[in-house]
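Below is one structure; the comments refer to it alone.
The values are calculated or read from the model by the stated rules, or taken from the named source; none is laboratory data. Bear in mind the structure is a predicted one, so any value in this text is a computation, not a measurement. For neighbour counting, all protein chains shown are included, and Cβ atoms are generated from backbone atoms with ideal geometry for every residue, glycine included.
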Amino acid sequence: DAARSWGGSAVLGVPPMSNCRGFPHSLLHQDGSREQGTNILSIDLGLLNNETTNIDDKNVIQFIRFPNWSSIAAARFAHDHPEVIRQYWQNLSRLIEQDLPDFKDNFRSCTGNYPFQVPKTDNTINPNNNEGENFNGVMFSSRWLADDMGLTQSRDVLRRLVETAHKQTGFSNWSPGDWWVIVLADGDGMGNYVSGAKLKEYKHYILTDQLDQSSQQVKGFEELLETKKRMGPATHVGLNRALLDFSNRLVPYITEKRFCGKVVYSGGDDVMAVLPLEDLPEFLRSLRAAWCGAEDPQQEFHPKGGYWYPNQQLEGLPDRAHFTMGEGATMSMGIVIAHKSLPLPTVLDNLWTAEKDRAKKLHGATSGMEGTGNREQGTGNRQ
């Protein structure tokens, strides 16, 4: 299929059997407002028809707001070592100027003018957003770089130049733009939360030390404390607020401010995000803690009473307590570690299999224990 959807609220469109690398032939963009609780990631294939839109590859860059897979893969390395990224770009630029002089301007245009589209990385590489001082991961792939440069001949030459630039920069037989990760997370047992089956007795919610003695001596008070709490409008509001804070506040902050990732979709208890492999372990720990209000692995929040309180003002977040799903809430996660050469439809098929057919079927995934999807790994050589 060219598209998959979650509950009608988000659509990820992909051309069949395409690498969907994002630049410039796949126009990935995000629409919608996080404040409204909906993020939509789509590929507008109509914009790719130059005959109807009169948009060429040089102008289409302004519409792209989603990273290509090499940019995602290299985002953490570029953030931590921007000077190495600049050195690699300079090495490759010099080689292209020597061996492919007619395409030197094309190379500089499609690499130096286009950012990673990963906020944390771009803020490090080009904090003042100066024109011509950006980089993006397409320069690590000779195949994608050839497409963006409009190179129909001499592709073998460009491949040799890319490999030479890797060696000159010290990458040897590896590349920071090879492997990326996609995570699909879904809250466990959400129907039980909505129906009230997860609620405990009133004694867990009533602060008896805040009540005067006369109120506690009213007939039936002890019986009330042992009665299971009922699901009412106020509890529904609290549940909705927890899902809203998680998907609209905490997920974007953790993914794009704390780590070098990008949110694909975040709504309610459903999350899809892409990120570099280096960030995966700590990202999963942070996401899990934000969901259930546990101890923050990076100590930017402190948990109390099912809320997450910022320890200081954090970029993009209001300075207030954030609702969480509370102690005992769990998530099932499908995780795919993919090579940049693996077609996106293949990655997505494995992702849904990992989350729905594996993680959700692990012991405890629907009864309170955390389920984590097995890894599906694509293979391939750097092109």
Practice problem: Could you list, in sequence order, all residues of region 134-153 that are at negative phi and in a loop (DSSP other than H, G, I, E, B)? | Solution: 134, 135, 136, 141, 151, 152, 153
Self-check item: In region 338-383, the residues that are modelled with pLDDT under 55 and at positive phi
Solution: 368, 380
Practice problem: Report, by residue number, each residue of region 343-361 that is within 23 Å of residue 174 (Cβ to Cβ) and touching a residue at least 60 places away in the same chain (Cβ under 8 Å). | Solution: 343, 344, 347
Quiz item: Quick one: how many residues across region 131-141 are surrounded by fewer than 23 Cβ atoms within 10 Å (Cβ to Cβ) and either closer than 15 Å to residue 91 by Cα or touching a Phe, Trp or Tyr at 6+ places or on another chain (Cβ under 7 Å) (or both)?
Solution: 1
Quiz item: Which number in (1) assigned to a loop (DSSP other than H, G, I, E, B); (2) touching a Ser or Thr at 6+ places or on another chain (Cβ under 9 Å); (3) not charged (D, E, K, R) marks the one condition that residue 316 misses?
Solution: (2)
Quiz item: Taking region 207-237 as the search range and keeping residues that are closer than 22 Å to residue 187 by Cα and loosely packed, with under 12 Cβ neighbours inside 10 Å, which one is nearest to the chain's Cα centre (by Cα)?
Solution: 237
Quiz item: Inside region 147-159, can you point out the residues that are surrounded by 12 or more Cβ atoms within 10 Å (Cβ to Cβ), within 22 Å of residue 68 (Cα to Cα) and not small (Gly, Ala, Ser)?
Solution: 147, 148, 149, 151, 155, 158, 159
Exercise. Would you mind finding the one in 98, 62 that is at pLDDT below 90, in a helix (DSSP H, G or I), surrounded by fewer than 21 Cβ atoms within 10 Å (Cβ to Cβ) and assigned by TED's automatic domain parsing to the domain that holds residue 160?
Key: 62
Practice problem: Working only within region 297-306, note down all residues that are modelled with pLDDT of 95 or more and either touching a helix residue (DSSP H, G or I) at 6+ places or on another chain (Cβ under 6 Å) or part of a strand (DSSP E or B) (or both). | Solution: 297, 301, 302, 303
Quiz item: Going through region 220-258 one residue at a time, which ones are touching a Leu at 6+ places or on another chain (Cβ under 6 Å) and aromatic (Phe, Trp, Tyr)?
Solution: 253
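Is there a residue being surrounded by fewer than 22 Cβ atoms within 10 Å (Cβ to Cβ) and part of a helix (DSSP H, G or I) anywhere in region 264-273?
Pass one, region 264-273, residues surrounded by fewer than 22 Cβ atoms within 10 Å (Cβ to Cβ): 264, 268-270.
Next cut, part of a helix (DSSP H, G or I) only: none.
No; the residues of region 264-273 include none that is surrounded by fewer than 22 Cβ atoms within 10 Å (Cβ to Cβ) and part of a helix (DSSP H, G or I).
Yes/no matrix, rows are residues, columns are (1) closer than 24 Å to residue 115 by Cβ; (2) within 14 Å of the chain's Cα centre (by Cα); (3) assigned by TED's automatic domain parsing to the domain that holds residue 141:
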residue	(1), (2), (3)
278	yes, yes, no
298	no, no, no
307	no, no, no
314	yes, no, no
326	no, no, no
343	no, no, no
347	yes, no, no
360	no, no, no
Practice problem: Quick one: which residue in 123, 91, 128, 173 is more than 30 Å from residue 256 (Cβ to Cβ) and out of contact with any Phe, Trp or Tyr (no Cβ under 8 Å at 6 or more places or on another chain)? | Solution: 173
Exercise. List the number of the failed condition for residue 242; all other conditions in (1) hydrophobic (A, V, I, L, M, F, W, C); (2) more than 18 Å from residue 184 (Cα to Cα); (3) touching an Asp or Glu at 6+ places or on another chain (Cβ under 7 Å) hold.
Key: (3)
Quiz item: In region 285-302, what count of residues is obtained for those that are of a type in the set (S, T, N, Q) and free of Cβ contacts under 8 Å to residues at least 24 places away in the same chain?
Solution: 1
Quiz item: Among (1) buried (at least 21 other Cβ atoms within 10 Å of the Cβ); (2) touching a residue at least 40 places away in the same chain (Cβ under 8 Å), which single condition is residue 278 missing?
Solution: (1)
Quiz item: Hey, does region 102-111 have a residue that's under 26 Å from the mean Cα position of the chain (by Cα) and part of a helix (DSSP H, G or I)?
Solution: yes
